[in-house]
1. If we scan the stretch 94-115, do we find a residue that is within 15 Å of C171 (Cβ to Cβ), without any contact (Cβ under 8 Å) to a residue 24 or more places away in the chain and either open to solvent by less than 30 Å² (accessible area, probe 1.4 Å) or away from ligand 2 (no atom under 16 Å from the Cβ) (or both)?
2. Is it the case that some residue within the stretch 111-123 is within 16 Å of ligand 1 (Cβ to nearest atom), modelled with pLDDT of 95 or more and of a type outside the set (V, I, T)?
3. If you check V152, V165, which single one turns out to be under 18 Å from V97 (Cα atoms), open to solvent by 20 Å² or more (accessible area, probe 1.4 Å) and of a type outside the set (S, T, Y)?
4. So H74 ticks every box in (1) part of a helix (DSSP H, G or I); (2) under 21 Å from L53 (Cβ atoms); (3) open to solvent by less than 40 Å² (accessible area, probe 1.4 Å); (4) more than 15 Å from ligand 1 (Cβ to nearest atom) but one. Which box is left unticked?
5. Just give me the residues in the stretch 107-124 being touching a Pro at 6+ places or on another chain (Cβ under 8 Å), assigned to a loop (DSSP other than H, G, I, E, B) and of a type outside the set (D, E, K, R), in sequence order.
6. Which of (1) of a type in the set (A, V, I, L, M); (2) away from ligand 2 (no atom under 16 Å from the Cβ); (3) crowded, with 18+ Cβ neighbours inside 10 Å does V142 not meet, given it meets every other one?
7. Which condition number in (1) more than 16 Å from F64 (Cβ to Cβ); (2) at pLDDT 95 or above; (3) surrounded by fewer than 18 Cβ atoms within 10 Å (Cβ to Cβ) is the one that C129 fails?
8. Is there any pair with a first residue in the stretch 129-150 that is farther than 13 Å from S117 by Cα and a second that is away from ligand 2 (no atom under 12 Å from the Cβ) and in a strand (DSSP E or B) whose Cβ atoms are under 7 Å apart and which are 6 or more apart or on different chains, and what are they?
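The values are calculated or read from the model by the stated rules, or taken from the named source; none is laboratory data. Computed from a prediction, not measured in an experiment: that's the story for all the values here. With ideal geometry, Cβ positions are generated from the backbone for all residues, glycine too; neighbour counts draw on all protein chains shown. Note: accessible area is taken over every heavy atom of the protein model, side chains too, but ligands, DNA and RNA are not part of it. Shrake-Rupley method; radii C 1.70, N 1.55, O 1.52, S 1.80 Å.
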Amino acid sequence: MAEGQVIGEVPSASDSKSDKTSKVAAESLDSGDYDSNCLFCRIARQQETSTELLPCENEDLVCFKDIKPAAPHHYLVVPKKHIRNCNDLKREQIELVENMVTVGKTILKNNNFTDFSNMRMGFHVPPFCSISHLHLHVLAPVSQFGFLSKLVYRINSYWFITVSVIISRICKHI
Ligand SMILES: [Zn+2]
Ligand SMILES: [Zn+2]
């Protein structure tokens, strides 16, 4: 299935009204990498001043606190490029996913949390993604999860999967 899919939101060529000016504007924003209607694209470009970006030593990623924390530490690691969800990941993006994990651990360390056996990281699986822009949930400590957090972030359920599972799926698909 995956090989036939069209990647990203390519502007429709059949739309006769899309003149040259709008095409140039779209290209200057790196068409396909950025969606002006996407909250996380805007946050990644610091266009949402209410969201504070946390120090993140990777130029392809940003990190910020989840607006509805499900644990004392709850961060999101987000690629600047608009990738819709974990099902859209390709083999060449495995390194990006691994970097997301590294950044997630760094953010925890920066916030004085180092008990990595007591953390949870993973992706929501469509249609269970609240935002259609790939984001890694980084949560800790798992021992303080309430009932709802245990459910919403239950590893390898139909709706939430770990990084290692998504990487093995990417490898199988291609
Ligand atoms: Zn986006
Ligand atoms: Zn999510």
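1. yes
2. yes
3. On the way: V152 fails: under 18 Å from V97 (Cα atoms).
Being under 18 Å from V97 (Cα atoms), open to solvent by 20 Å² or more (accessible area, probe 1.4 Å) and of a type outside the set (S, T, Y) holds for just one of V152, V165, which is V165.
4. (1)
5. Passing the criteria: F113, M119.
6. (3)
7. Looking at each condition in turn, C129 falls short on (2).
8. L134/P79
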